[in-house]
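What follows is one structure encoded as structure tokens, with my remarks underneath.
The values are calculated or read from the model by the stated rules, or taken from the named source; none is laboratory data. Bear in mind that the values here come from a model prediction, so they are computed numbers and not experimental data. Cβ sites come from the backbone with ideal geometry, for glycine too, and all protein chains shown count toward neighbours.
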Amino acid sequence: MFNWIRRIFTRSDADRRRQILELMEAVNAKTAGGEPIKINRSLGRLKLRSGTLALGNPQYLPGLEVPNIATDEVEISASIWRYPTGHEIVTELRLSFGQQSGSVSRRKIGEVGIDSAKLVVADKSDIKEHWAETGNDRLGVISTARDDTVLRILTKRFKFKAIQVNPVRAEIVGPVSEQLEADIKAFLRADPTYGNFPYMYFRMQTNNSLDRVNHMNEGWQFMPVGNRPEPLMFACGTGHGDGRYDVEGQFDGEVLRALHVTFIDD
């Protein structure tokens with residue numbers, strides 16, 4: 001009896017998930033001009049100086065660590081859904097390490113948990129040495145998710161110019177000084193309407209390492225790990241978004257030759 005009940009609930013959960021994913025795909029097709037085409041393509045190469053590759057959610061790197069890689073670079077390719085507008089969704093990511101010479105086997109070596117809809121791939125040492133908590137920019141961001149009241153109040157009070165960049169976000173034109181940042185935060189904290197959670201209405205964005213990944217508009221991108229042009233990391237969207245994704249290794253004997261991360265199983 002209990003097994004029967006468990007099967008019913010499992011089927012129900014799977015059906016609900018399938019319906020949600022179908023709805024997401026329908027929305028994507030509507031906003032991106034129609035149904036996607038499926039392509040496989042090489043995306044580029046990433047240097048690997050330490051022999052240990054890190055994969056993970058950008059907030060919690062290094063995440064899954066894959067040591068003892070015998071090559072000094074990673075060849076990155078992917079299966080992609082490309083929509084008529086050019087928007088791309090990565091459905092499977094492949095990381096290759098040299099040429100295969102014999103029979104291969106494939107098995108799960110770990111998993112990555114994602115809660116930002118983004119995956120980062122980088123050399124572990126590059127993340128440790130170059131990941132930047134503070135970037136080079138000083139961008140003032142004002143939330144207009146509820147309405148534009150705070151935007152109108154702040155522009156009138158502090159006499160700055162701002163632009164609406166999307167329905168939920170406005171940005172102050174030009175770099176924001178430390179003094180202006182402090183004055184805006186003090187003003188919001190002093191108002192009972194906004195004082196408990198001022199960061200929900202105004203925040204600074206420096207385009208640090210995390211900002212660059214989270215605000216990436218493309219389906220995938222190579223970008224600097226830190227505030228200098230190199231070293232680089234690779235970031236991509238994770239198909240339908242958040243979840244736990246298996247990382248499978250492809251082995252040539254006992255030598256790891258590739259990693260596969262499937263986000264959407266066609």
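Worth pointing out:
- Residue within the stretch 24-32 that is at pLDDT 90 or above, closer than 19 Å to Thr262 by Cα and of a type outside the set (Val, Ile, Thr) present: no
- Verdict on Ala186 being part of a helix (DSSP H, G or I) and loosely packed, with under 15 Cβ neighbours inside 10 Å: yes
- Single condition Thr193 does not satisfy, out of (1) surrounded by fewer than 16 Cβ atoms within 10 Å (Cβ to Cβ); (2) within 25 Å of Ala122 (Cβ to Cβ): (2)
- Within the stretch 93-138, considering residues that are part of a strand (DSSP E or B) and more than 18 Å from Asn57 (Cβ to Cβ), the one nearest to the chain's Cα centre (by Cα): Arg94
- Residue list for the stretch 214-262, filter: in a loop (DSSP other than H, G, I, E, B), within 13 Å of the chain's Cα centre (by Cα) and surrounded by 17 or more Cβ atoms within 10 Å (Cβ to Cβ): Gly219, Thr238, Gly239, His240
- Filter result for Ile80 (among the β-branched types (Val, Ile, Thr), modelled with pLDDT under 65 and outside any loop (DSSP other than H, G, I, E, B)): no
- Here the stretch 142-162 is the region considered, the condition is being assigned to a loop (DSSP other than H, G, I, E, B) and among the hydrophobic types (A, V, I, L, M, F, W, C), and the residue that is nearest to Tyr199 (Cα to Cα) is Ala145.
- Val165, sole failed condition from (1) at pLDDT 95 or above; (2) in the same structural domain as Tyr199 (by TED's automatic domain parsing); (3) under 21 Å from the mean Cα position of the chain (by Cα): (1)
- Every pair of residues 6+ apart whose Cβ atoms lie under 9 Å, when the first sits in the stretch 168-195 and is in contact (Cβ under 8 Å) with a residue 24 or more places away in the chain while the second is in a loop (DSSP other than H, G, I, E, B) and among the aliphatic types (A, V, I, L, M): Val168/Ala145; Arg169/Ala145; Ile184/Val176
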